[in-house]
Amino acid sequence: MKIAFLFPGQGSQIVGMGKDLFLEYEEIRKIYELVKKITGVDIEKISFEGPENILNETKNTQLAILTMSLGILKILEKNGINGEISAGLSLGEYTSLIYSKALDLEEGILLVQKRGEYMQNLLPKGNWKMAAIIGLSEKQVEDICKKIQNSFVVPANYNTEAQIVVSGEENGVLEVGNLAKEAGAKRISILNTAGPFHTEKMLESAKALSKELEKITINKFETKVVKNIDGEIYTENDDIKSILVNHIINPVRFSKSIKTMLDYGIDTFIEVGPGRTLSSFAKRTKCDRNLNIFNINDVKSLKETINFIKQGGK
């Protein structure tokens, strides 16, 4: 099997996520303790008890999702299950970089904490929304966004060939949704996010993150990581710090990322963390071979995935 790990981003959180994993595995409890020690944030309490509005604060959401994913990775590694390549959606790229050892664990955790704080506290004034447009092509969604003259709205996440997320001012996002329905979109889904993420409106957050990245050491990759910004694999020549700054203000090319991993020969995708969004994207990607696709978000799905991999897919 050629295994790829997929790491979720903001929007996949739910109160109670990871609690059964925390109770089941000492290794996972140690990750939560480490995050609390490093950041001073009781991410265990926020993740398991909420309330929802506190978990949904960007500074908490990103740290909570990262912590859960890192905990699951510990159990997979203990069982000899490793990804040759990985990709994450937005925040999830940091999980990928930590997994690949390009980012040191403790530095990576602190960096995600700062990223979440900046993305929450340095939001421009305004009413912001993000919405997934399902059932239209990339070009159709791009063209609809261009029609909006009195409000800012642009494509932010290219999730699959037929699911594009738009981001911007609330009026503009809602207007795009209406025009998309008229154009034949199957569904418009408002996302559980709090800002115009992956657009030029996040420039102040990007500038602040740039200063944090100056303090960070980038190590040699031990596994391959696919970039959000262009859907290609990181190379030794890439300016990783610059890419992570631009990552905040540019669209996520996740559909391209999946295709890159398929071209690499991946036949097994494992989504590691809350929800099942990224595994669903993988299932919707056209492929000429059979794929094994899993999402691990609780004890049951973790044990089932481990058993399947250890038995060689039987």
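Of Asn290, Asn297, which residue is in contact (Cβ under 8 Å) with a residue 24 or more places away in the chain and over 13 Å from the mean Cα position of the chain (by Cα)? If you could, list the steps in order and put the result at the bottom.
Details: Asn290 fails: in contact (Cβ under 8 Å) with a residue 24 or more places away in the chain.
That would be Asn297, the only listed residue that is in contact (Cβ under 8 Å) with a residue 24 or more places away in the chain and over 13 Å from the mean Cα position of the chain (by Cα).
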> Of all the residues that make up region 164-181, how many are among the aliphatic types (A, V, I, L, M) and either surrounded by fewer than 23 Cβ atoms within 10 Å (Cβ to Cβ) or touching an Asp or Glu at 6+ places or on another chain (Cβ under 9 Å) (or both)?
Replying inline: 3
> Counting just the residues of region 267-290 that are modelled with pLDDT under 95 and over 19 Å from Glu93 (Cα atoms), which one comes out surrounded by the most Cβ atoms within 10 Å (Cβ to Cβ)?
Replying inline: Thr285
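What's the total number of residues in region 106-143 that are of a type in the set (Phe, Trp, Tyr) and either in a helix (DSSP H, G or I) or within 19 Å of Asp42 (Cβ to Cβ) (or both)? Break it down into steps so the answer makes sense when it comes.
Residues of region 106-143 of a type in the set (Phe, Trp, Tyr): 118, 128.
Narrowing further to those that are either in a helix (DSSP H, G or I) or within 19 Å of Asp42 (Cβ to Cβ) (or both): 118.
Going through region 106-143 one residue at a time, the tally reaches 1.
Scan Glu107, Glu84 and give me the residue that is in contact (Cβ under 8 Å) with a residue 40 or more places away in the chain, of a type outside the set (A, V, I, L, M) and out of contact with any strand residue (DSSP E or B) (no Cβ under 7 Å at 6 or more places or on another chain). Step through it out loud before you land on a result.
Values: Glu84 fails: out of contact with any strand residue (DSSP E or B) (no Cβ under 7 Å at 6 or more places or on another chain).
The conditions single out Glu107.
Among the residues of region 125-179 satisfying the criterion of being among the small types (Gly, Ala, Ser) and over 18 Å from Val252 (Cβ atoms), which is modelled with the lowest pLDDT? Talk me through it step by step, then tell me what you get.
Step one: filter region 125-179 for residues among the small types (Gly, Ala, Ser), giving 126, 131-132, 135, 137, 151, 156, 162, 167-168, 172, 177.
Filter once more, so that each one left must be over 18 Å from Val252 (Cβ atoms): 126, 135, 151, 172, 177.
On the way: Gly126: 91, Gly135: 97, Ser151: 96, Gly172: 96, Gly177: 96.
Across region 125-179, the extreme among qualifying residues is Gly126.
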> How many residues are among the polar types (S, T, N, Q) and over 15 Å from the mean Cα position of the chain (by Cα) if we restrict to region 222-259?
Replying inline: 5
>> Kindly evaluate Gly116 against the criterion of being modelled with pLDDT of 95 or more, touching a Phe, Trp or Tyr at 6+ places or on another chain (Cβ under 6 Å) and not aromatic (Phe, Trp, Tyr).
In response: no
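Can you pull out every residue in region 51-76 that is of a type in the set (Asp, Glu) and either touching a helix residue (DSSP H, G or I) at 6+ places or on another chain (Cβ under 9 Å) or surrounded by 21 or more Cβ atoms within 10 Å (Cβ to Cβ) (or both)? If you could, list the steps in order and put the result at the bottom.
Looking only at region 51-76, we keep the residues that are of a type in the set (Asp, Glu), and these are 52, 57.
Across region 51-76, the qualifying residue is only Glu57.
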> Of the numbered conditions (1) of a type outside the set (Val, Ile, Thr); (2) part of a loop (DSSP other than H, G, I, E, B); (3) surrounded by 15 or more Cβ atoms within 10 Å (Cβ to Cβ); (4) modelled with pLDDT of 95 or more, Gly184 satisfies every one except a single condition; which is it?
Replying inline: (3)
> Between a first residue in region 139-151 that is basic (Lys, Arg) and a second residue that is at pLDDT 95 or above, which pairs have beta carbons less than 7 Å apart while being 6 or more apart in sequence or on different chains?
Replying inline: Lys147/Leu179
>> So Met1 ticks every box in (1) farther than 30 Å from Val165 by Cβ; (2) at pLDDT 95 or above but one. Which box is left unticked?
In response: (2)
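The values are calculated or read from the model by the stated rules, or taken from the named source; none is laboratory data. Values in this document were obtained by computation on a predicted structure and should not be read as measured data. As a convention, Cβ positions derive from the backbone with ideal geometry for all residues, glycine included, and neighbour counts pool all protein chains shown.
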